[in-house]
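Student: The structure follows.
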Amino acid sequence: MIVTIDGPAGAGKSSISRRLADQLGFAFLDTGAMYRAIALKGLQAGINWDDAEQLVTYARQATIDLSGAKVFLNGEDVSHEIRSQRVTQHTRYAANNVGVREELVRLQREFAAGKDVVTEGRDQGTVVFPNAECKIFLTATPEERARRRVTDLAARGETVSFEEILQQQTRRDEEDSQRDVGPLKKADDAQELLTDKMTEDEVLHALIQIVKGCQGA
């Protein structure tokens, strides 16, 4: 069974999707980490971000291991680094690159083949796994998402203002929704969950109930 969880930046998809996968005994696929890893590779290489083909080359050559709780890029643990504000600001170059998306979508489908999987991202239920048995659109208001991001960054030792995060998030929402390939979009058959004023445990419980409903359908 494939469970897709899509939604905008800052909705808390990664952490709650991993917990859901653990609860269900499913594999977990963090597709956002894949795009972040390619952006990190570009930063490490000092890429000219206008050189779209070079980023595609990095994507084709990269070995991204998401099989455990950590993210490895070419054998290096980059779990912490890919969540930095610096990488976040450059991930759009990977996400908006048609060639990179084609390569990573191929890897995502390869990862999920023959498995029970919880997969999260922007286009999982619409583009990558359009026939998934259970589709969820996880979201929150822009202000709530920005507050969460500020808190997450503070926990990582990065201090960024709420206004700056909200502005960056708004720009990213627009880019994610308007990109030509794999835009952020709620699938017609997805169930939406607005998580404002919900604790993480409450969100997890709600997601489990949705999945049970899909399994019983």
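The values are calculated or read from the model by the stated rules, or taken from the named source; none is laboratory data. Here the structure is a predicted model, which is why all the values come from computation and not from measurement. Here Cβ is always computed from backbone atoms with ideal geometry, including for glycine, and neighbour counts include all displayed protein chains. Protein only, heavy atoms only, side chains kept; ligands, DNA and RNA dropped before computing areas. Shrake-Rupley method; radii C 1.70, N 1.55, O 1.52, S 1.80 Å.
Student: Antiparallel as a % of all DSSP beta bridges within segment 1-129, to the nearest 5? Working shown, then result.
Tutor: Numbers: 4 of 13 bridges.
In segment 1-129, DSSP labels about 30 percent of beta bridges as antiparallel.
Student: Which of Lys185/Lys212; Lys135/Lys185; Lys41/Lys115; Lys13/Lys70; Lys70/Lys186 have a Cα-Cα distance over 21 Å? Could you put the intermediate results ahead of the total?
Tutor: Numbers: Lys185/Lys212 23 Å; Lys135/Lys185 12 Å; Lys41/Lys115 29 Å; Lys13/Lys70 16 Å; Lys70/Lys186 28 Å.
Pairs exceeding the cut-off: Lys185/Lys212; Lys41/Lys115; Lys70/Lys186.
Student: Can you tell me the relative contact order of the chain? Whole percent, Cα pairs under 8 Å, sequence separation 6 or more.
Tutor: Details: 321 pairs, mean separation 72.1, N = 217.
Once divided by the residue count of the chain, the mean separation gives 33 percent.
Student: Here's a follow-up. Only sites in a loop by DSSP and with at most 14 other Cβ atoms within 10 Å count here; which GluC sites (Glu not before Pro) in segment 138-176 make the cut? Mind dumping the intermediate values first?
Tutor: Working: sites: Glu143, Glu144, Glu158, Glu163, Glu164, Glu174, Glu175; in loops: Glu158.
Passing sites in segment 138-176 are Glu158.
Student: Near Gln54, within a Cβ-to-Cβ distance under 14 Å, what is the net charge of the other residues, with Lys and Arg +1 and Asp and Glu -1? Don't skip to the end; give the middle numbers.
Tutor: Values: positive: Lys41, Arg60; negative: Asp50, Asp51, Glu53, Glu103.
My count for the surroundings of Gln54 gives -2.
Student: Could you pull the Rg and Dmax for the chain, using just the Cα atoms, both in Å?
Tutor: For the chain, the Cα radius of gyration and maximum Cα-Cα distance read 16.4, 50 Å.
Student: Continuing with the same structure: For the modelled label position 7 Å from the Cα of Ser15 along Cα-to-Cβ, which residues of segment 200-217 have backbone nitrogen atoms closer than 11 Å?
Tutor: Under 11 Å, as judged by backbone N against the label point of Ser15, lie 200-201 of segment 200-217.
Student: Assign unit charges at the C-beta atoms only (+1 for Lys and Arg, -1 for Asp and Glu), then state the dipole size of segment 1-127 relative to its Cα centre in Debye, rounded to the nearest 20.
Tutor: Working: 15 positive and 16 negative charges, 51 e Å.
I would put it at about 240 debye.
Student: Treat each spin label as a single point 7 Å out from the Cα along the C-beta direction, and report the Gln215 to Glu174 distance in nm.
Tutor: 4.3 nm
Student: Between Arg156 and Asp50, what is the spin-label point distance in nm, taking each point 7 Å from the Cα along the Cα→C-beta axis?
Tutor: Rounded to a tenth, the inter-label distance reads 2.9 nm.
Student: Can you check what the net charge comes to around Glu144, using other residues whose Cβ is under 11 Å from the Cβ of Glu144 (Lys, Arg +1; Asp, Glu -1)?
Tutor: Working: positive: Arg145, Arg147, Arg148, Arg149, Lys197; negative: Glu143, Asp196.
Overall, the nearby charge balance is +3.
Student: Still on this structure, I have one more. Using a Förster distance of 35 Å, how high is the FRET efficiency between His80 and Ala27, based on the Cβ-Cβ distance and rounded to 0.05?
Tutor: Once rounded, the FRET efficiency stands at 0.95.
Student: Would you check the accessible area of Ile165, probe 1.4 Å, heavy atoms only, in square angstrom rounded to 10?
Tutor: Surface accessible to solvent at Ile165 totals approximately 10 Å².
Student: Using just the helices of the chain, give the 222 nm mean residue ellipticity in deg cm²/dmol: DSSP H runs with n ≥ 4 each add -39,500 (n - 2.57), and the total is spread over all residues, rounded to 500.
Tutor: Computed mean residue ellipticity for the chain: -16500 deg cm²/dmol.
Student: Moving on to the next point. Net charge near Ala187: determine it from the other residues with C-beta under 14 Å of the C-beta of Ala187, scoring Lys and Arg +1 and Asp and Glu -1.
Tutor: On the way: positive: Arg122, Lys135, Lys185, Lys186; negative: Asp6, Glu120, Asp123, Glu133, Asp188, Asp189, Glu192.
Counting the neighbours of Ala187, the net charge comes to -3.
Student: Treat each spin label as a single point 7 Å out from the Cα along the C-beta direction, and report the Gln167 to Glu200 distance in nm.
Tutor: 3.0 nm
Student: Given 10 Å bins starting at zero, what is the percent of C-alpha pairs of segment 16-130 in each, up to the one with the largest pair distance?
Tutor: Spelled out bin by bin, segment 16-130 gives 14, 48, 32, 6, 0 percent.
Student: Using 0.36 nm per residue, how much length does the chain from Thr57 to Glu110 gain when fully extended, once their Cα-Cα distance is taken away?
Tutor: Numbers: separation 53, 0.36 × 53 = 19.08 nm, distance 1.90 nm.
Residue separation times 0.36 nm, minus the Cα-Cα distance, leaves 17.2 nm.
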